[in-house]
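To start, the structure itself, in structure tokens.
Derivation of every value follows stated rules applied to the coordinates shown; laboratory data play no part. Source: prediction; values computed, not measured. Backbone-built Cβ (ideal geometry, glycine too); neighbour counts: all protein chains shown.
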């Protein structure tokens, strides 16, 4: 994902770290339920609530579907971020209003 940050108002690296932490918190095992889908709009909502993020671009997917609008879990599946895994990549772009 890419977050756009005003460099005059916020430190981009700090904002990216907070956005990544927000994703891990919101998409952790205790916060997810079996069968819950994950959509791009869910990720936008989480990331764009972070102070300093003006807007963002998000791609979600799996090996079989690298650019999906929504990942649908089966009733017995759970979509979550593994805290021991690499997690999402967060790139930073400068945003000037």
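Some points to look at:
- Normalised by 2.2 N^0.38 Å, where N is the number of residues, the alpha-carbon radius of gyration of the stretch 12-57 equals 1.19.
- Between helix 12-26 and the chain: long-axis angle, C-alpha atoms, 0 to 90°, nearest 10: 20 degrees
- Approximate spin-label separation residue 78-residue 32, in nm, with each point projected 7 Å along Cα-to-Cβ: 0.9 nm
- Rg to Rh, two decimals, where the stretch 2-94 supplies the alpha carbon set and Rh follows Kirkwood: 0.99
- Helical content alone sets the calculated 222 nm signal of the chain at -7500 deg cm²/dmol, taking -39,500 (n - 2.57) per DSSP H segment of four or more residues and averaging over every residue.
- Pair residue 39, residue 70: separation of 7 Å Cα→Cβ label points (nm): 0.5 nm
- Antiparallel beta bridges, as assigned by DSSP with both residues in the chain, represent about 65 percent of the total such bridges.
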